[in-house]
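Structure first, commentary second.
The values are calculated or read from the model by the stated rules, or taken from the named source; none is laboratory data. All values reported here derive from a predicted model rather than from experimental measurement. Note that each Cβ is placed from the backbone with ideal geometry, even for glycine, and that neighbours are counted across all protein chains shown.
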C-alpha cells in the first residue's frame, strides 16, 4: 500500500514516479517507454534502467544527497513549505524537488500541469540587490532562497550559497524551465577571505592543467563573493540546459553524512573502483587520471574538504565522466599546525599531509595505475603550482581587493612545494 507519490521528470518530461509505501519505504519506478529510449539517462549509476524499479536504503540515501547538509536549512524549508516531516519525500514534494541538482525533478501530481506549462521568467538584479543578496547569505546561513523564492533550490552541501543566471551582461533569479548558470558562495564565517581562497585554488588548478570549474570573484558595493560556473549545465540553441550528475556518495549508495572516509565515506580506492565499473574502459582511465590530479592537488594545498560529496560524475545516456573539480580551499593561509591538518581521504596510508616515501606505491595500488605514472604526474603538478598561483593572484579582480590572503597562500604553497618534492625524492622509483 502506498501513502503518496511524486512524478519524476527528466528535462521537463514525466518519466516515472517516486512512491512512498505505508511502511515508510521509498521506491522509484520508471516508465517502460523511457527505459526503452536509447537516449534515456538513469537517475543514478547504481540504478540502471534495465530494472524498472529501485528501492531501499541506497535510494533514500541518494535522495538525501539532493538536499543541503545543514539541518537548520532543512528545518527552515520544512516550516516555510508546510512539510510535515523533514524527510526526503516530504521536502522533495515541496517546491524544493522541482529544481534539484542534476536534471531530474520531483513534482506533486496536483502540480504537474502547472509545472510543465510554467513560462520562463527572470528577475534581473541591480548591484544594490546583489549586495543585499550576498549580505543576507552571510548574515543568515539558512537564507539560501531569499524572500519570495522563484524555485531555484538546486544546491546540496553545507556551505551557504545560492544560484543565479548570468546572460553575459547581468545577474538574475530565473524561474520556470530556464536553468541557473552560476553558484554564488560568500566566505565561510570565521575563515577570512575563504571565498577568495577557493577562487585562487581552483583558478590555479586550471592554470596547472587540472580540470576544475571556472570561478570569478565579484564585488557589489561593500560585498564580495565567489561565483562558480556550473559544470552541470550546457548551452543548446542559445538556452542553458541541465546535465545530470551525482556525487560519489550517491553513486555508492552512501548517506551524505558519511562523506568523510574516516566516517565510513569513500576512499580513493572506492572511487577508482567505482569509475572502473560505471565508466567505459577508456573513460575510466582518463577520469582516474583526473582523480589522481585532484588527490595530489588537495594534498599539496592541504585541502581538507575533498570528501566524497566533492567528487561527482556527469551522467549521459551512453557516457559517464568525472566532473571538473570544485569546492577546493587551502588551510595554508590560516593558523593551523601541520600536525592538526587532516585530509578528508587518505593520501596513501594516512590522513596527514606529511607522508612516508611509501605513499606513492600505496596510492598507485589504490588507483590501479603504475607508481611511475603517479609519481611523474605528482612531480609535474607540484612543479607547476608556484607559477599557477602567481598567475591566479595577479588578475585585476584579485589585486583590486587588497587582501593579504593571496600573499599568505603563495608563501604557504612555496613551502609545501619544497616539502612535497622531498617526499618524491626520498625514495627513488626502483625497477
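Across the stretch 286-343, the number of residues qualifying as without any contact (Cβ under 8 Å) to a residue 12 or more places away in the chain and closer than 21 Å to residue 256 by Cα comes to 0.
Before we move on, is residue 409 part of a helix (DSSP H, G or I), in contact (Cβ under 8 Å) with a residue 60 or more places away in the chain, outside the structural domain of residue 205 (by TED's automatic domain parsing) and within 18 Å of residue 217 (Cα to Cα)?
Answer is yes for this residue.
Within the stretch 392-414, one or more residues are under 25 Å from the mean Cα position of the chain (by Cα) and closer than 25 Å to residue 287 by Cβ. Of the set (1) assigned to a loop (DSSP other than H, G, I, E, B); (2) in the same structural domain as residue 353 (by TED's automatic domain parsing); (3) closer than 30 Å to residue 339 by Cβ, all apply to residue 253 but (3).
Just one residue in the set 227, 220 is surrounded by fewer than 21 Cβ atoms within 10 Å (Cβ to Cβ), touching a residue at least 24 places away in the same chain (Cβ under 8 Å) and within 18 Å of the chain's Cα centre (by Cα); that residue is 227. Checking every residue in the stretch 31-44 against the condition of being surrounded by 16 or more Cβ atoms within 10 Å (Cβ to Cβ), in a helix (DSSP H, G or I) and not assigned by TED's automatic domain parsing to the domain that holds residue 279 gives at least one match. Just one of the listed residues (370, 403, 394) is surrounded by 14 or more Cβ atoms within 10 Å (Cβ to Cβ), modelled with pLDDT of 95 or more and in the same structural domain as residue 259 (by TED's automatic domain parsing), namely 403. The criterion of being more than 20 Å from residue 210 (Cα to Cα), over 25 Å from the mean Cα position of the chain (by Cα), buried (at least 16 other Cβ atoms within 10 Å of the Cβ) and at pLDDT 95 or above does not hold for residue 355. The single condition from (1) in contact with a helix residue (DSSP H, G or I) (Cβ under 9 Å, 6 or more places away or on another chain); (2) farther than 28 Å from residue 42 by Cβ; (3) surrounded by 18 or more Cβ atoms within 10 Å (Cβ to Cβ) that residue 195 fails is (1).
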